[in-house]
Amino acid sequence: MHRGKGMKFVGDSRVIAPEMRTPKLPKDYSEYPGKTEAFWPNFLLKEWMVGAVFLVGFLCLTVAHPAPLERIADPTDTGYIPMPDWYFLFLYQLLKYSYASGPYTVIGAMVIPGLAFGGLILAPFIDNGPERRPSRRPLATGFMLLALAGITFLTWQSVATHDWEAAERQGKIVAKVDIDKTAEGYQIAKDNTCLTCHGENLTGGALAPALTGSGVTAEEVTKIAKQGKGKMPAGVFKGDDEQLKKLSEFIADIAKK
């Protein structure tokens with residue numbers, strides 16, 4: 001049998017000869033005007049320009065409206081009421097309710113937020129259907145709307161019920177006054193729980209105004225100690241007339257500084 005006898009050779013026109021092949025070039029996006037564009041540099045340049053505009057605007061706002069400063073933190077001021085940032089106000093309000101505070105603080109601080117944020121993390125695994133329209137995903141849409149409604153309500157409730165006057169008063173920067181804490185008048189103020197509301201240095205707090213530099217007279221102090229004023233009820237002072245006189249003179253003296 002001769003080599004190649006009985007065999008036929010055919011050619012396939014679909015095979016492109018090496019010299020006919022063209023190099024792989026980037027697609028010409030000019031064929032699709034307004035529909036697509038190259039990531040570099042067209043799209044990325046637009047992103048940088050938008051980001052720069054927002055950054056400049058944010059910096060201008062910080063210069064025009066600087067963050068309000070409060071007085072130096074005093075760890076001994078038990079009357080200070082902290083106020084968290086706006087994005088934590090809903091948790092701050094949640095801890096005010098009876099079922100989430102006191103002996104149930106763990107429920108309000110860990111259990112309820114843990115269940116809520118855990119549900120958000122597990123949502124893609126629980127609801128993994130192909131539908132993307134909110135109307136066709138009632139469970140996912142309902143829980144998300146419920147979460148947004150809860151956060152909105154708690155945030156609004158926290159702002160509406162917060163004592164903003166007390167917050168401004170407790171954070172007000174006051175001049176530093178040297179107080180003789182060994183004076184008898186200071187000890188009388190301490191024994192009658194005056195420092196609980198007015199602060200250890202009598203510079204005020206969330207529950208009471210500052211006494212230093214207030215300009216109050218001894219007669220006014222005596223009247224307030226007996227009759228009360230504002231949130232201070234009558235009969236708070238438990239000492240005798242001699243102690244009240246020494247306390248009034250002491251407060252009147254620091255009120256001039």
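Name the residues in the range 155-193 that are modelled with pLDDT of 80 or more and crowded, with 18+ Cβ neighbours inside 10 Å, would you?
Residues satisfying the conditions are 155, 158, 185, 186, 188, 189.
Among the listed residues 170, 243, identify the single one that is among the polar types (S, T, N, Q) and touching a Phe, Trp or Tyr at 6+ places or on another chain (Cβ under 6 Å). Lay out the reasoning, then the answer.
Working: 243 fails: touching a Phe, Trp or Tyr at 6+ places or on another chain (Cβ under 6 Å).
Within the list 170, 243, the selection yields 170.
Answer yes or no as to whether residue 228 is within 28 Å of residue 70 (Cβ to Cβ), at pLDDT below 75 and not basic (Lys, Arg).
So residue 228 does not fit the description; no.
Could you say which residue among 137, 133 is over 30 Å from residue 238 (Cα atoms), out of contact with any Gly (no Cβ under 8 Å at 6 or more places or on another chain) and among the charged types (D, E, K, R)?
On inspection, the qualifying residue turns out to be 133.
Somewhere in the range 97-105, is a residue outside any helix (DSSP H, G or I) and either closer than 30 Å to residue 203 by Cβ or not assigned by TED's automatic domain parsing to the domain that holds residue 200 (or both)?
Within the range 97-105, one or more residues are outside any helix (DSSP H, G or I) and either closer than 30 Å to residue 203 by Cβ or not assigned by TED's automatic domain parsing to the domain that holds residue 200 (or both).
Listed residues 236, 216; which is crowded, with 17+ Cβ neighbours inside 10 Å and either more than 24 Å from residue 89 (Cα to Cα) or at pLDDT 80 or above (or both)?
Step by step, each of 236, 216 is checked, and only 216 is crowded, with 17+ Cβ neighbours inside 10 Å and either more than 24 Å from residue 89 (Cα to Cα) or at pLDDT 80 or above (or both).
Please identify the pairs in which a residue from the range 101-122 that is aliphatic (A, V, I, L, M) has its Cβ atom under 6 Å from the Cβ atom of a residue that is part of a helix (DSSP H, G or I), counting only partners at least 6 apart or on another chain.
That search, which allows pairs on different chains as well, returns 107/100.
Please tell me if residue 140 is without any contact (Cβ under 8 Å) to a residue 24 or more places away in the chain, in contact with a strand residue (DSSP E or B) (Cβ under 9 Å, 6 or more places away or on another chain), aliphatic (A, V, I, L, M) and not in a loop (DSSP other than H, G, I, E, B).
No: the conditions fail for residue 140.
Go through the residues of the range 66-88 one by one and say whether even a single one is among the aromatic types (Phe, Trp, Tyr) and more than 22 Å from the chain's Cα centre (by Cα).
No, that holds for no residue.
Residue 87: surrounded by 10 or more Cβ atoms within 10 Å (Cβ to Cβ) and touching a helix residue (DSSP H, G or I) at 6+ places or on another chain (Cβ under 9 Å), yes or no?
no
Determine which single condition residue 67 fails, assuming it passes every other condition in (1) surrounded by 10 or more Cβ atoms within 10 Å (Cβ to Cβ); (2) free of Cβ contacts under 8 Å to residues at least 40 places away in the same chain.
The one condition residue 67 does not meet is (1).
Going by the structure shown, is residue 148 of a type in the set (A, V, I, L, M, F, W, C), assigned to a helix (DSSP H, G or I), at pLDDT below 90 and farther than 28 Å from residue 80 by Cβ?
Judged against the criteria, residue 148 is not a match.
On the given criteria, is residue 210 outside any helix (DSSP H, G or I), under 40 Å from the mean Cα position of the chain (by Cα), modelled with pLDDT under 80 and closer than 22 Å to residue 83 by Cα?
Working: outside any helix (DSSP H, G or I): yes; under 40 Å from the mean Cα position of the chain (by Cα): yes; modelled with pLDDT under 80: yes; closer than 22 Å to residue 83 by Cα: yes.
Yes, satisfied.
The values are calculated or read from the model by the stated rules, or taken from the named source; none is laboratory data. The model shown is predicted, which means the values in this text are computed figures rather than measured ones. Quick reminder, even Gly has a Cβ in these numbers, built from the backbone with ideal geometry, and neighbours come from all protein chains shown.
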